[in-house]
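Everything on this sheet refers to the single structure shown next.
Since every read-out is calculated from the coordinates, none of them should be taken as a lab result. Quantities reported herein were computed from a predicted structural model and do not represent experimental measurements. Ideal geometry is used to build each Cβ from the backbone, glycine not excepted, and the neighbour counts take in all protein chains shown.
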Amino acid sequence: MGWWVFTWLLLWFIIFALRIKGFDYTTHPVIISFAFLFSSIIVFSIFFRHYFVFKTKFNWIPFAVLAVSILVAFSGFYLISNNYEIPQTLLDISKLDSFFDMSYEYLFAKLFDILFQQTLIVLLAAFLVENKAGIRKSIFFFVILFFIVHLPVLFTWNSMVGLYYLTASVAAGIIFPLLIEKLKYGYIYSYIIHYGFYVISGFLIWIIF
């Protein structure tokens, strides 16, 4: 577990360092995507044997659902960007630039961002399964972890929006371990939900504001 925490902190430090240097989702999507992909490969390479806890017979349906979900996300952005203006007023007072400035570049880079996050999340779920934590303990652990990790959004973002994401992270702490540990290919569906949440949230911000 200690190696998981160390790997998580180290790789996120590298990602944030890139963003501080001006490499973000919309200006350098390829570089950011590669950084997330490379980080995911590193994590999987180091801890690959733990992922076999969730090994199951191949089924194409989850991957088809994933492909359709990504297509819907890009198609949805096409429709919204052609019917709504960027909410510039809130963009000026909020630090959630990436959600307001959604673009095809953002949607593309976010795929790899979520891949990296899910690589770590599934690994953590694997650790808990291997240690026979049980689903209730897993949910409790995920809820506490997600709450702590996302708590800073209350102080760095608009308070209402920050509370929205903090609440969603707690809900994810319940949903993710249930899907990953109890459903075949649950890690695929948890990825879809994770990516979908960011995309839908971005769409709602455009539509409502």
Sequence-separation-based contact order of the chain, relative, with Cα cut under 8 Å and 6+ spacing, percent:
30 percent
Summed side-chain charge close to E181 - residues other than E181 whose Cβ falls under 13 Å, Lys, Arg +1, Asp, Glu -1:
+4
What spacing in nm lies between the two simple spin-label points modelled at K132 and I80, each 7 Å away from Cα in the Cβ direction?
4.6 nm
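Mind checking the full-extension length gain between L204 and K21? Use 0.36 nm per residue of separation minus the Cα-Cα distance, one decimal, nm. Walk me through the numbers before you get to the answer.
Details: separation 183, 0.36 × 183 = 65.88 nm, distance 2.93 nm.
Extra length from L204 to K21 when fully extended: 63.0 nm.
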Between S138, S75, S169, which gets the highest mean-square fluctuation from a Gaussian network model of the chain, Cα cutoff 10 Å?
S75
What does the charge dipole of the chain about its Cα centre add up to, to the nearest 20 debye, if the Cβ of each Lys and Arg holds +1 and the Cβ of each Asp and Glu holds -1?
920 debye
Name the most mobile residue of L71, L111, L120, meaning the one with the largest mean-square fluctuation, in a Gaussian network model of the chain with Cα contacts below 10 Å.
L71
So what's the back-of-envelope 222 nm ellipticity for the chain, counting only DSSP H runs of four-plus at -39500 (n - 2.57) apiece and dividing by all residues, rounded to 500?
-26500 deg cm²/dmol
Quick one: what Rg and Dmax do you get for the chain from the alpha carbons, in Å?
17.3, 51
